[in-house]
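The values are calculated or read from the model by the stated rules, or taken from the named source; none is laboratory data. On a predicted model such as this, the values are computed, not experimentally measured, just so you know. Because the Cβ atoms are built from the backbone with ideal geometry, glycine has one as well, and the counts that use them run over all protein chains shown. Accessible surface areas use protein heavy atoms only, side chains included; no ligands, DNA or RNA. Shrake-Rupley method; radii C 1.70, N 1.55, O 1.52, S 1.80 Å.
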Amino acid sequence: MWLPEVGAYLSDCADAALTAALAVAFAEVCGDDPIPVRLAVVAMGKCGARELNYVSDVDVIFVSDPADGTAARIAGVE
């Protein structure tokens, strides 16, 4: 059946969008300076299971080292 394949493709698109958004957030907060934190974005639910559909939302958790104000600013850039 093609539905699992579509879900995987939609999850890949969400992954690419999150990766691009994280790059923009790093640039806005850190500029050309070295990035002072390690930050991971963990996909939860249907995105993490690669089962997104057209009405799914993308739930993520940010994990950082250290968990400081810079990491919070990066994760919260709008």
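Observations on the structure shown:
- Gain on full stretching of the segment that runs from ASP12 to ILE35 - 0.36 nm per residue minus C-alpha separation: 5.7 nm
- Distance in nm between pseudo-label sites at ALA49 and THR19 (7 Å out along the Cβ direction from Cα): 2.4 nm
- Of the solvent-accessible surface of the chain, computed with a 1.4 Å probe over protein heavy atoms with every protein chain present, carbon and sulfur atoms account for 60 percent.
- Accessible surface area normalised per residue over the chain is 70 Å², counting heavy atoms of protein chains with a 1.4 Å rolling probe.
- FRET efficiency, VAL77 to GLU5 (Cβ-Cβ, R0 35 Å, nearest 0.05): 0.60
- Local electrostatic count, ALA14, Cβ distance below 12 Å [Lys/Arg +1, Asp/Glu -1]: -3
- Ranking ASN53, SER64, ALA21 by how far each Cα lies toward the positive end of the dipole of the chain (charges on Cβ) leaves ASN53 at the top.
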